[in-house]
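Asks: Take this structure, written in structure tokens, and hold onto it; I'll ask about it next.
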Amino acid sequence: MQKKRIFFLVVTLFTLVCSAFSVYGLMNAQSIEPTYDEQAKDELQNSFELFSYYVAEQLDPNYKPISFKDPVDAEEAKRIEDFVQNRIYATYTTMNQDSNFYYEAEYKGKTITSAENFSSKHWTLFENNEDPRIQNALYSEIAWNFGTETAKNIQIHEPKNVKVAFYVHDPVIRNGKYIAHLSNIDALILPQMIFGFFLPLALAVLIVLIFKNKVECETVFFKDFIKWKFEPAFLFSTIGYLLLCMGIFSLSLACMNREFYMTFETIKGIVPISYILYFCLWMLLYWMYWLDLVYIKRMFAEGFLRFVKKDTLLFTFIRWVHKKVKELMEYSLFEGNSATKLVLLFGLFVLVTIFFNIPVLGWFLMMACLIYGLIQGKKYYNRLHKQYDITLEATKKLAEGRFDEVLPYPVGPFQSIYNSLLQVKTGFEKALQEGIQSQNMKTELISNVSHDLKTPLTGIKTYVELVESTDDPKKIKEYAKKIEGYTNRLDRLVVDLFDVSKANSGNIELEKQMIDITSLIEQVNAEHIDALQKKNISIVLKHPDHPVFLDLDPNKTMRIFENLTNNIAKYSHDHTRVFMDIEDQGDLVKITYRNTSSLPLDFNPDEIVERFVRGDKSRHEIGSGLGLAIVKSFTEVQNGTFKIEIDGDLFKAIVTFKKENE
């Protein structure tokens, strides 16, 4: 933190000191008297000579500067004459309004002058020696605007018997006018400009090299600028330098010839304001130095190649093109939107075409794209060949039944085929799993049916033998009742199995009618009240205040709730409550039974509704294991749903029926 503050303080002080020296340099240059070089003198001489045409016209009414050698169209002649008059008048106006200029003219005893009480002190005389250039100046003006052939047809007349004396103030008054502009002010400020631009730059480079790059990059202002991409930073710096240099140079010239002060002479304190403005321009320029030097140092300190790859928009664009080309190559051959591919191809083609048409650079870009295309084409061919081999190998593994070896893998344009192979693999595995599960269920079904059939048959056989071995009427009657009980149990088992089979096969007839589901459940509860009271189980029935009618088969529906209530009577914990909720949900009616089980609920809710599956795995309770299977079958055959939910010892059976349109 301390080093960052020191660096920021050094930068700030350096900028302020150098800016102050630049202002001092301007003030020092203003104290030097300007002079004229030969080019400035020649331009002044030409202006004086054009000025003399206007003075001659004022003194001699018959004088005309030009005439035509050959006849010319009247309109064209007027255009040329008007141009000449405007040009010499403009020169006269410019010169006459300049306090650095004084003239005297005489013609046939008549004299005109630009000022009275003229003293030659501090004035330099420019004599009119009737130099042939007097014709060349006006000739050049006409040739430039009307063409050389037109100029050749014009006769330029020099003023005769007119004497004109031109004087220029010495030293030149810096009034921002024409003559002040011609003085060599540029030569006065050029050394100061060179000193102000390059010496601070060299010192700034030295200071930047002394401090560590990490310290500079974490300093306020710098830490934000170095995050810019190269192209925006370069554009910002270029425009900044251009505007600041133009502003500094223009303000320097304006201040040197006092034009700036004369333009804003009504503003109080304009001189110090100009120095403050000049100081601010230099200060901004030096800050630009610091920002760019730290940016350049960071460019090389972190690795030039890394910088090019990460922090240039050009390389970002190249990566984007590379990514799109790669995506295009990875498109599946047999799926996807073809229009997207065509648009992408066309877009890339347009971009490349634009770049190719850039002079000189286009040829290098074309060669770079050609080399890039050959390299990528070779890589693409090798990758395509490898992906094809992987897809072919996956097909062989599936054919040989080696499903576990076929795993998800990116194969580019063959991805749709590979995904289809994975779907085939999943389908085979699912079918195989279902086949194994079906076989296991068949085995378990045979075992359960054998057990449930064997129990009553064994009882019947045993008591038949007892009847045959005794003559006691009381015992025969007792044995007969036992045989009757086993026979009824066997009969119920066969009937249940028959009902489930018909429901699952769809070969069942329904005799539907509108029934009040609440009344039906209350009737079932009344029929099982004795069995429930034996275990001190109480029923809490919650139902809507209005009748809930459903179009169902009453016998099948009665069987559904009888089986559920039987399960409650068999497996509910003693001294508990059973909750039965009937909910009218508009298009649906939901019936929920909740009871607390006396046995551990350690089975799968989905498996308990299968045939011959019982929660009582020891099978010591009387039952066929078809109760919930019948509930599920009779519910689904009437377009309803049935599901089991388990939460600890809480057993929840949910039956849902759709309402038919009334």
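Asks: For Leu251, indicate whether it is open to solvent by less than 20 Å² (accessible area, probe 1.4 Å) and at pLDDT below 85.
Replies: yes
Asks: Further question on the same structure: Yes or no: Leu457 modelled with pLDDT of 70 or more and either in contact with an Asp or Glu (Cβ under 9 Å, 6 or more places away or on another chain) or closer than 30 Å to Val495 by Cβ (or both)?
Replies: yes
Asks: Further question on the same structure: If you go through the stretch 183-225, how many residues are open to solvent by less than 30 Å² (accessible area, probe 1.4 Å), over 17 Å from Leu291 (Cα atoms) and either in a helix (DSSP H, G or I) or modelled with pLDDT of 75 or more (or both)?
Replies: Total satisfying the criteria: 5.
Asks: Go through (1) surrounded by 15 or more Cβ atoms within 10 Å (Cβ to Cβ); (2) modelled with pLDDT of 85 or more; (3) under 60 Å from the mean Cα position of the chain (by Cα) one by one and return the number of the condition Ala77 breaks.
Replies: Unmet for Ala77, out of (1) surrounded by 15 or more Cβ atoms within 10 Å (Cβ to Cβ); (2) modelled with pLDDT of 85 or more; (3) under 60 Å from the mean Cα position of the chain (by Cα): (3).
Asks: Against the definition (modelled with pLDDT under 85 and open to solvent by 30 Å² or more (accessible area, probe 1.4 Å)), how does Lys617 come out, yes or no? So that I can check it myself, show each step before the final result.
Replies: Values: modelled with pLDDT under 85: yes; open to solvent by 30 Å² or more (accessible area, probe 1.4 Å): yes.
Considered against the rule, which asks whether it is modelled with pLDDT under 85 and open to solvent by 30 Å² or more (accessible area, probe 1.4 Å), Lys617 comes out as yes.
Asks: May I ask you to list the residues in the stretch 521-572 that are of a type in the set (Asp, Glu) and either assigned to a strand (DSSP E or B) or in contact with a strand residue (DSSP E or B) (Cβ under 9 Å, 6 or more places away or on another chain) (or both)?
Replies: Here is the first cut: in the stretch 521-572, the residues of a type in the set (Asp, Glu) are 522, 527, 530, 545, 551, 553, 562.
The answer is Glu522, Asp551, Asp553.
Asks: Look at the stretch 136-154 and say how many of its residues are of a type in the set (S, T, N, Q), open to solvent by less than 70 Å² (accessible area, probe 1.4 Å) and either assigned to a helix (DSSP H, G or I) or farther than 14 Å from Phe68 by Cβ (or both).
Replies: Within the stretch 136-154, the subset of a type in the set (S, T, N, Q) is 136, 140, 145, 148, 150, 153.
Adding the requirement that they be open to solvent by less than 70 Å² (accessible area, probe 1.4 Å) leaves 140, 150, 153.
From the residues that got through so far, the ones that are either assigned to a helix (DSSP H, G or I) or farther than 14 Å from Phe68 by Cβ (or both) too are 140, 150.
Here the count works out to 2.
Asks: Looking only at the stretch 573-588, count how many residues are in contact (Cβ under 8 Å) with a residue 60 or more places away in the chain and either at negative phi or not in a loop (DSSP other than H, G, I, E, B) (or both). Steps first, please.
Replies: Here is the first cut: in the stretch 573-588, the residues in contact (Cβ under 8 Å) with a residue 60 or more places away in the chain are 573, 582, 586-588.
Subset that is either at negative phi or not in a loop (DSSP other than H, G, I, E, B) (or both): 573, 582, 587-588.
Residues in the stretch 573-588 being in contact (Cβ under 8 Å) with a residue 60 or more places away in the chain and either at negative phi or not in a loop (DSSP other than H, G, I, E, B) (or both): 4 in total.
Asks: I would also like to ask the following. Does Glu106 count as assigned to a strand (DSSP E or B) and open to solvent by 80 Å² or more (accessible area, probe 1.4 Å)? So that I can check it myself, show each step before the final result.
Replies: Values: assigned to a strand (DSSP E or B): yes; open to solvent by 80 Å² or more (accessible area, probe 1.4 Å): yes.
Criteria met by Glu106.
Asks: Another one. Is at least one residue of the stretch 522-536 assigned by the TED database to the domain that holds Gln638, under 59 Å from the mean Cα position of the chain (by Cα), under 14 Å from Tyr593 (Cα atoms) and of a type outside the set (S, T, N, Q)?
Replies: Looking through the stretch 522-536, none of the residues is assigned by the TED database to the domain that holds Gln638, under 59 Å from the mean Cα position of the chain (by Cα), under 14 Å from Tyr593 (Cα atoms) and of a type outside the set (S, T, N, Q).
The values are calculated or read from the model by the stated rules, or taken from the named source; none is laboratory data. Source: prediction; values computed, not measured. Every residue, glycine as well, gets a Cβ built from its backbone with ideal geometry; the counts of neighbours run over all protein chains shown. The protein model used for the area step is the full one, side chains on, heavy atoms only, and it has no ligands, DNA or RNA in it. Shrake-Rupley method; radii C 1.70, N 1.55, O 1.52, S 1.80 Å.
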